[in-house]
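Below is one structure, written out as structure tokens; comments come after it.
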Amino acid sequence: MSTDEHMVYIVDDDPRIREALCELVASHGMQVTAFGSAGAYMAAQKPGAPACLVLDIELPDINGLDLQGLIAGGEHPPIVFITGHGDIPSTVRAIRHGAVDLLTKPFGDTELMAAIRTALAQDRARLAERAGLEALRLRYAALTPRERQVLPLVVSGLLNKQAAAELGISETTLQIHRRHVMRKLAAPSLADLVRIAERLEIPLTHSRHGERQ
Amino acid sequence: MTAAIPHLRLALAAGICVTGLAVYALTWTPIGLLAPVAGLGLLAGPRGGAMLVAGLGLAALVAALAGLHTGGELVGAPAGHWCIFFVTALCVGLAVMAAGLPPPRSHAGAGGRDPGERPAAALAAARAFRTCVPRGLRHRLSAAEGGDQRAGIRSDPGCPAGTEGEALAPKGNIGAGGSDEPAENPEVVRAARVVEALFGNAWALAPDGRWICPPRFAGTGPGLSPHDLNASLAEGEVAWHKLVHPEEYERVALRWRHSLRTGEPWKDQFRIRRASGSYAWARSTAHPLRDAGGRILGWYGTSVDIDVYRKTMENLLAREREISHLVDMVPGHLCRLAPDGTPLFFNRRMAEFHGLEASEAQIPGLPPLEGFLRSLVHPDDVGPMLQVLSQCMEAGGGFSWRYRLRRADGVYRWVAGRAEPTRDEEGRVLEWFGVCTDIEDQMQAEQALRSSERLHRRIVETLPAMIYCAEPDGRPIYRSRRLSAFLGLTLGEGGDPLTGPERLGATLEEIIHPDDLDEVRARYARSLATGEPYAMRHRLRRHDGTWLWVETRAEAMRDAGGNIAQWYGVCFDIEDLLRGQENLRTAQDSLARAARAASLAELSASIAHEVNQPLAAIVANSHACYRWLTAEPPNLERAKITAGRITRDANSAAEVVSRIRALFSQAGQARERLSLAGVIAEARDVMAGEALRRGVRIVLALEEGLPPVSLDRVQVQQVLVNLMSNGMEAMAGGDAEQVLEVRLTRADGTGLRAEVRDHGPGLASTERIFQPFVSTKDRGMGMGLAICRSIVEAHGGRLWAENACPRGARFIFTLPLDAKATE
């Protein structure tokens, strides 16, 4: 785990806590960066590595929960909240908005490290997903216009004959286009092609009436 | 028959004239012209005839003179012819006028009485008139159809005996005073004498209307001899001219001329001139006297004095008019009923009001009384009224009732009706006389008054206050229902002791709380004496014996003279108000307590945060330190750094606690010298509500005469409240007696010793509980006692705990008398 590239961000206004947490996370062999306020965290340059944000709720410039709401729209690492006196409404709110955990001070290292590991795993998965999708998009961009027309017809389940009639080309020509599409998108089977189209959010424009319903 | 005569004569004269003119036209001789002359003679009256004769004679004379003057010879000349013609015409006219047509009448003036009874009847009537004594006379009337009828005449004098008027004439024989006895009409004079003998005041006239025997009452006056009277004839008037009152003369003359012309008997009533020159009413009658051939020989008659009768009648009529006017104009409805209730008479107002006459106020098929009522009275009133009225009619007593009557337009109006019977000598009811007066306005006013009074009473009774009204001496005369219900006493009841002024004092004792009684009495007496408004808060006994706080206020109402007429008082139940005030105070207390608790909670939270941060850092650092030491190979450098941080953070946590202690000790300037007993009592007040809620009794045992100590009141109170609150919580749910004791005594040394003792389960450790963050309670922060100890120690005292025997805990703190803030 420690071999992977990663980063743990800690935001707490109390320097003693910041210091102690950095020490604790570092003692577990992880890379850690600490900030004294939400503003400092937002302003900092962050590499694209999988990350985790350990966020104190009571911050001098903005409440941690509000910061969570603020960054919810964009891409951000999963959050582990820490607080001096946790209450149930804050906890519910934090978890509902996607926080990994909410820990009340003082907390043991087991709880904290478990939460940080979960968060990093989540972020890693998120990044991998994002990277896979990016590759697919590149491949899709390599398709010719005709091949882009053929793709939705094929994944909609039309027979070659039907798709060819739809485009006004011969069945043989369509089969050639189809083969090119599958090769370019690296889809070994039609089922793979359908999954890829789904990830690319290509709409199903046709359906085989009477046969599928 | 009499009317036919002039017509016949007129027709005859016209016929003659027409015939004569026809002969003249056919023969062309003047003989025919004689006929019109004859006709004129036939038509003309005495005066016209004389003029005709005079005219013809004059014409003949003129013709004769003309003939003599022109020819000297009368016969043969035209003038002679004319003279002969006029003379002939004169002869014809005279002959015709002398013959006339006699009126076909006989004995008309006898009045149809049986001739055999006439003298007796006349005699009786004459006597009656003379003596003024009523006379009854019965005689047969000879009816025109033949066969006699018996008839009765009753003659009554028309005036009281004392009002006899002046007689028309002195007594005496007729003709005695007359100057010339006419020799040509002896029958007429004789007849007049007979009448004079019977009735007096007789007179006679010639057929042409001249006086023969003038009435005696006329003879005595100057210049009124028959000659004088007859002089009127020459003036074209009738002979009565000077005897008749000018107002009636025209009528009299007309009728008299008519009788003279036709021969009909003459009757008239008019005022006759008396001898004295004054006029008196008389009834005059004249009859013609005829010879065997029916020719009128003359007229005789008499004048009966009816002046008194006439005046009496006029008086009577006037009085009757006056009475009926009175009956009609009286502002009320008058009616007369038969004994069975049949209406006999309504006065005009009543008839107009109902639009019904007495005879119409009936309903066919119902008994008269009920029909009468049902046609006039409001249906709702008929039943009871009929009952009462029937009883009255049976018993014959008077009746008085109020009911509604229907007006002609259908509107019902209230009236007050009364009825009384009249009785005959034997006591039988003859008639009922009823009167009713319109009292609609009065009823409406009464109704308005009643509803206004009802409204006021309702206001008084509904107002959420107890209202009373008293005489100037304080004796109550009215109490509203609320007050009566409150006291359980009602005015006027036998058991009410408030009705006598001498017992007023005794009653006050009964209803007013003994503690308030003296003041109430004094103020009440002062207000009664001076008229000052009375206002007082006191306790009043309710009917169930409960004492309730009330506020009584009373004001005097004065009359125009400034004397007190009545006292009006209002009494409010202020129990709720007072209780509300008490509750408000309690609420304020608990609010203050809550504020204290809140500040303590805030303080605790802030302390918690302050302590929590270093604790969290310590925990994290110690974990990191452990990791560095157990790493392979151990990172001693990092572990050393981390261990140093742990020491640092732990110190910082300890600092927080010291800072808190310093916080409570630095408030030296707020200290004042106060009685600790007073502070304890205040704390007890603050906790009273809580104690009540928990069912805990707080017992104070405070030594008296202790000197004041210098203390911060709020902080010491906080200590006390905290200790008492802990004690109560310790006893919660236990089955021991729920008593919290607070003692204050002088300490052994130079100080005071306060002790709070509960009967809870006691303490496991009497020292550990004072450490910060140690709590025996589930939700406790563990700071309360630590702070308390800090406060007490800041005051230079000590706070400790002991377990009591047999159970419970004691928290004791001391405060030095000479307080020096010592850390």
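The values are calculated or read from the model by the stated rules, or taken from the named source; none is laboratory data. Computed from a predicted model, the values in this text were never measured in an experiment. Positions of Cβ are backbone-derived with ideal geometry, glycine not excepted, and every protein chain shown enters the neighbour counts. Only protein heavy atoms, including side chains, enter the accessible area calculation; ligands, DNA and RNA are left aside. Shrake-Rupley method; radii C 1.70, N 1.55, O 1.52, S 1.80 Å.
Shielding by partners for peptide B:623-635, expressed as the average number of C-beta atoms from other protein chains within 10 Å of each residue's C-beta, is 4. Charge dipole (Cα centre; +1 on Lys/Arg Cβ, -1 on Asp/Glu Cβ; no other charges) of region B:667-816 amounts to roughly 160 debye. Cross-link reach is defined here as a Cα-Cα straight distance under 19 Å, omitting same-chain residues fewer than 8 places apart; for B:K640 the aspartates and glutamates meeting it are A:E19, A:E23, A:D109, B:E632, B:D649. When you filter the trypsin sites (Lys or Arg not before Pro) in region B:545-585 for DSSP loop state and at most 14 other Cβ atoms inside 10 Å of their Cβ, nothing is left. Taking a ≥ b ≥ c as the square roots of the eigenvalues of the Cα gyration tensor, region B:667-816 is prolate, since a/c reaches 1.5 or more and a/b is larger than b/c.
Residues of chain A were split at every exposed loop site, defined as GluC sites (Glu not before Pro) in a DSSP loop with at most 13 other C-beta atoms within 10 angstrom, and the longest piece left, sites excluded, is A:76-200.
Between amide H atoms placed 1.01 Å from N, distances below 5 Å from B:G298 occur with B:L289, all of them 5 or more places distant or on a separate chain.
When the charge dipole of chain A is built from unit charges on Cβ atoms (+1 for Lys and Arg, -1 for Asp and Glu) and taken about the Cα centre, the candidate among A:H76, A:A94, A:L24 whose Cα reaches farthest toward its positive end is A:H76. If a/c stays under 1.5 just call it rounded; otherwise compare a/b with b/c (prolate if a/b is bigger, oblate if not). Do that for chain A, with a ≥ b ≥ c from the square roots of the Cα gyration tensor eigenvalues. Prolate, since a/c reaches 1.5 and a/b exceeds b/c.
Here the contact order of region A:142-199, divided by its residue count and restricted to Cα pairs under 8 Å and six or more residues apart, works out to 34 percent.
Need one value: the accessible area of A:R117 in square angstrom, 1.4 angstrom probe, rounded to the nearest 10. About 90 Å², rounded to the nearest 10.
For region B:328-343, backbone phi angles converted through the Karplus equation (6.51, -1.76, 1.60; θ = phi - 60°) give residue-by-residue couplings of 6, 8, 4, x, x, 9, 10, 8, 10, 10, 6, x, 8, x, 5, x Hz, Gly and Pro being listed as x. With contacts taken as Cα pairs under 8 Å at a separation of at least 6 residues, region A:92-207 carries a relative contact order of 26 percent. Remark: relative contact order (chain A) = 15 percent; criterion is Cα-Cα distance under 8 angstrom and separation of 6 or more residues.
With 10 Å² as the minimum drop in accessible area between chain alone and full protein complex (1.4 Å probe), the qualifying residues in region A:27-49 are A:S27, A:H28.
Taking a ≥ b ≥ c as the square roots of the eigenvalues of the Cα gyration tensor of region A:7-132, is the shape rounded (a/c under 1.5), prolate (a/b larger than b/c) or oblate? Rounded shape, in that the Cα axes give a/c under 1.5. Dividing the helix sum by the residues of chain A, where each DSSP H run of 4 or more adds -39500 (n - 2.57), gives a mean residue ellipticity at 222 nm of -16500 deg cm²/dmol. Pairing chains B and A buries close to 1700 square angstrom of accessible surface in total, based on protein heavy atoms and a 1.4 angstrom probe.
Counting only heavy atoms of the protein chains and using a 1.4 Å probe, B:M557 has close to 80 Å² of accessible surface. Take each residue of peptide A:102-112, count the partner chain Cβ atoms within 10 Å of its Cβ, and average: the result is 4. Given all pairs of different Cα atoms, what value in angstroms does the Kirkwood hydrodynamic radius of region B:184-321 take? One decimal place: 15.4 Å for the Kirkwood radius. Straight-line cross-link reach from A:K105 at under 13 Å between alpha-carbon atoms covers these aspartates and glutamates, not counting any fewer than eight positions away in the same chain: A:D12, A:D14, A:D56, A:E58, A:D87, B:E610.
Protein heavy-atom accessible surface, 1.4 Å probe, per residue over chain A: 51 Å². Using a probe of 1.4 Å, the accessible surface attributed to B:H378 totals some 30 Å² when neighbouring protein chains are kept in position.
Surface listing: B:M443, B:M329 arranged by accessible area from highest to lowest gives B:M329, B:M443, probe 1.4 Å.
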